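Asks: One structure is given below, represented as structure tokens, and several questions about it will come after.
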Amino acid sequence: MPSDARVSNAVPDLLTAPRSIPSRLWERLVAPLPTPGAGLAETPLPTTGDKLRLFGLSFLMLFVELALIRWTGANVLYLSYFSNFVLLGSFLGIGLGFLRPTICGASLFAFAAPLLAGAVAYVHFYPVQIDRTSSQIIYFGHFVPTGMPIWVTLPFIFLAAAMVMATIASGVAQTFVRFKPLDAYRLDIVGSIAGIAAFTALSLFQAPPLAWGLVASLGFVAVLGSSLRPLQVVAITVLLLLLGMESAAAHTKWSPYYKVTWGGSGRFVGVSVNGIPHQVITSVQTRRETEPIYFLPYERTPGLKLDNVLIVGAGTGTDVAIALSQGARHVDAVEIDPQIYRLGRQLNPARPYQDPRVSIHIDDGRAFIQRTNQRYDLVIFALPDSLTLVSGQSSLRLESYLFTKEAMSRVRGLLQPDGVFGMYNFYRESWLVDRLATTLQLVYGRPPCVDVVGNFGHEALFLAGRTPTAVTCPATWTATTRFTQPATDNEPFLYLKQRGIPTLYWKTLLLILAVALVAVWGYAGRLRSGRQYTDLFFMGAAFLLLETKSVVQFALLFGTTWLVNALVFAGVLISVLAAVEVSRRVTFRRPAWLYLWLLIALAVAWAVPPDTLLRFGPVLRFALAVLLAGAPIFLANLAFSQRFKDVATSATAFGMNLLGAILGGALEYSALVVGYRALALLAAALYGLAFLFGRSHLRGGVPTRG
């Protein structure tokens, strides 16, 4: 971009604004923010106040996005299985907010707080229940919803998220254009990192929604300042009242994963997560009377020493109490959710977590078994089924990597010579029983012992020993279906009946993409000025796939905990920031070479299976993982930054990039067909399209200092 135009990055009004709204009423509703569109002569250089404003708005945008995903997942039944749709709605909204930040010359940001309060109020007073029944994929939880069909509910939530995020993004866009493109992008990234850090800190302290609302409200007040209007004051008050009511509810705690509630009397205390019944706290004797399957691992292994026992999915402690009652001398209890563990510590009548024979590990099960060097007489996977995804950016559940063939092989290596592995759950479908049994047969070299108890939901127990005589088994397993292909670390989709995108997903995806196209067409016009940034659109799609691949790769290598997930997102943004800093100082006069190096990095990332890094120690594993995941991200953002630094209209260009992320989010579901490793190849294809559409910008000589 010519140096005499580096500050002017105007956002054109792509539609003719309606003039029927009385100007006085409109001015009373909205804050009089500066309208982009002026040339260099009319636009002053950005001030310190502008920098603080852009930082604050970017912080607010990412913080509200994370809070929306958590809030809706906790209050819309079964939405936690579909949180990536909320993320896609956020991308649509942010993209639209950048493409059209004003109407009638007034900022849409004035309506951000009211729309956010309205969305929270709707979910609070009219809770939605998603019907998630499907013959192609299993969703755990005993609750049968009766709400609107999923193909109606998800697009509605998608649009609600888009509307809220569009209004916040409009404020970001109006400040964004006051800066040179890379300076604006840099401040946006720094603010986003701060937003992740703030939400991570609240998760660390397991803060309730009121804390999220306070942070968001302070953000609105700080950004609006003297422009704060009665409408925003009312909205912020309503938001805090609703979130305060939610936070003060009896028998309710908020973990980093769930809204945890409990209740009951007598012999049973029921525990629900995100509104779905999940566990029951009761005595050992009552459990023996009601669900004897919990005791079968000990009855089927007479004479087995119980010097060291591992229980993954310890929950509220019932399985730990049973192991102690059967003579276990030491138990390693692994539970991923700290609030569920605390409930067990407080309410379990056997007090297993206070027993000196028990060691507590708040951790991801796969991460623990990869890290430990202990040997066990008995390893139990005790109903470790989550009701949520690792992040809003993948189809990976918290326990997905626990049931792969590679994980089962690792467990076998932890057993004593006469050790036994067991797992039980309500498996619901015969094909899931067959898949798990096949996995154990491949790992142990013989069919496992399978006990099916009762007729509800295929409640089954699997037992497999290192020696043929370790388990006394009345009947071994034989397959009854053809869906026996084991889950692997590359395709950890245990609950997917067969490779492919379930009808439930692709129909909803098509409807959401149609909604997005209509919204873009109607809200932002024909995007004539955005066509020149088609390459940035494909870069946005490709980058989301890279980010998704990083999330699932680090989940495998270091665990699916909320902290690992937050650190990965922060690490991605730090890589982006590093690329921006390089581009601010260096101009690559032959930026086409960056694409070549990017394709090489993607080829290496595809060629090295992530699970091969598990053989290394934590420090070397981390270094190699950062190199494999970070190199493509850094190079991709170096190519993006070199292109972005010379755009004529930065907000339009950035909006196109964000809209591309919607395509990337939809393409993420292709992993259900080709596995997660292949996402690197798909990203490479999208960067190839970006190269083709942007080749007119890829001319020049050699890198020079900026």
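Since every read-out is calculated from the coordinates, none of them should be taken as a lab result. Since the structure is predicted, the reported quantities are computational estimates derived from the model, not experimental observations. Positions of Cβ are backbone-derived with ideal geometry, glycine not excepted, and every protein chain shown enters the neighbour counts.
Asks: Check cross-link reach from residue 305 to the aspartates and glutamates: straight Cα distance under 14 Å, and skip same-chain residues fewer than eight apart.
Replies: Reachable aspartates and glutamates: 377, 418.
Asks: Cross-link partners among aspartates and glutamates for residue 507, C-alpha distance below 20 Å, same-chain residues fewer than 8 apart left out?
Replies: 131, 668
Asks: Using DSSP loop states and a limit of at most 11 other Cβ atoms within 10 Å to flag trypsin sites (Lys or Arg not before Pro), what is the longest stretch of the chain containing no flagged site?
Replies: With a cap of 11 other Cβ atoms within 10 Å, the longest stretch comes to 20-481.
Asks: Could you name the lysines whose alpha carbon sits less than 19 Å from that of residue 259, not counting residues in the same chain fewer than 8 places away?
Replies: In chain and number order, there are no partners.
Asks: Using only DSSP helix segments of four residues or longer, with each worth -39500 (n - 2.57), what per-residue ellipticity at 222 nm results for the chain after dividing by its residue count and rounding to 500?
Replies: Rounded to the nearest 500, the figure is -17000 deg cm²/dmol.
Asks: How much length is gained if the chain between residue 283 and residue 372 is pulled fully straight, taking 0.36 nm per residue apart and subtracting their Cα-Cα distance, in nm to one decimal?
Replies: 29.0 nm
Asks: Something else: Can you give me the angle between helix 618-644 and the longest principal axis of the chain, using Cα atoms only, in degrees from 0 to 90, rounded to the nearest 10?
Replies: 20 degrees
Asks: Show log10 I(q)/I(0) for segment 537-608 at q = 0.11, 0.14, 0.25 Å⁻¹, two decimals, from a solvent-free Debye sum over equal Cα scatterers.
Replies: Debye output, listed in q order: -0.35, -0.56, -1.29.
Asks: So for the chain, what percent of the C-alpha to C-alpha distances run longer than 35 Å?
Replies: Roughly 46 percent, rounded to a whole number.
Asks: Separate question: So between residue 476 and residue 518, what do we pick up on full extension, going 0.36 nm a residue minus the alpha carbon distance?
Replies: Full-extension gain reported as 9.5 nm.
Asks: Further question on the same structure: Mean separation of Cα pairs under 8 Å and 6+ residues apart, divided by the residue count of the chain: what relative contact order is that in percent?
Replies: In percent, rounded to a whole number, it is 16.
Asks: Something else: Tilt of helix 48-75 relative to the longest C-alpha principal axis of the chain, in degrees (0 to 90, nearest 10)?
Replies: 30 degrees
Asks: Would you report the distance distribution of C-alpha pairs in segment 222-310 as whole percents per 5 angstrom bin, up to the bin with the largest distance?
Replies: Spelled out per bin, shortest first, that is 3, 10, 12, 12, 11, 11, 10, 8, 5, 4, 4, 4, 3, 2, 1, 0.
Asks: Tilt of helix 181-204 relative to the longest C-alpha principal axis of the chain, in degrees (0 to 90, nearest 10)?
Replies: Once rounded, the angle reads 30 degrees.
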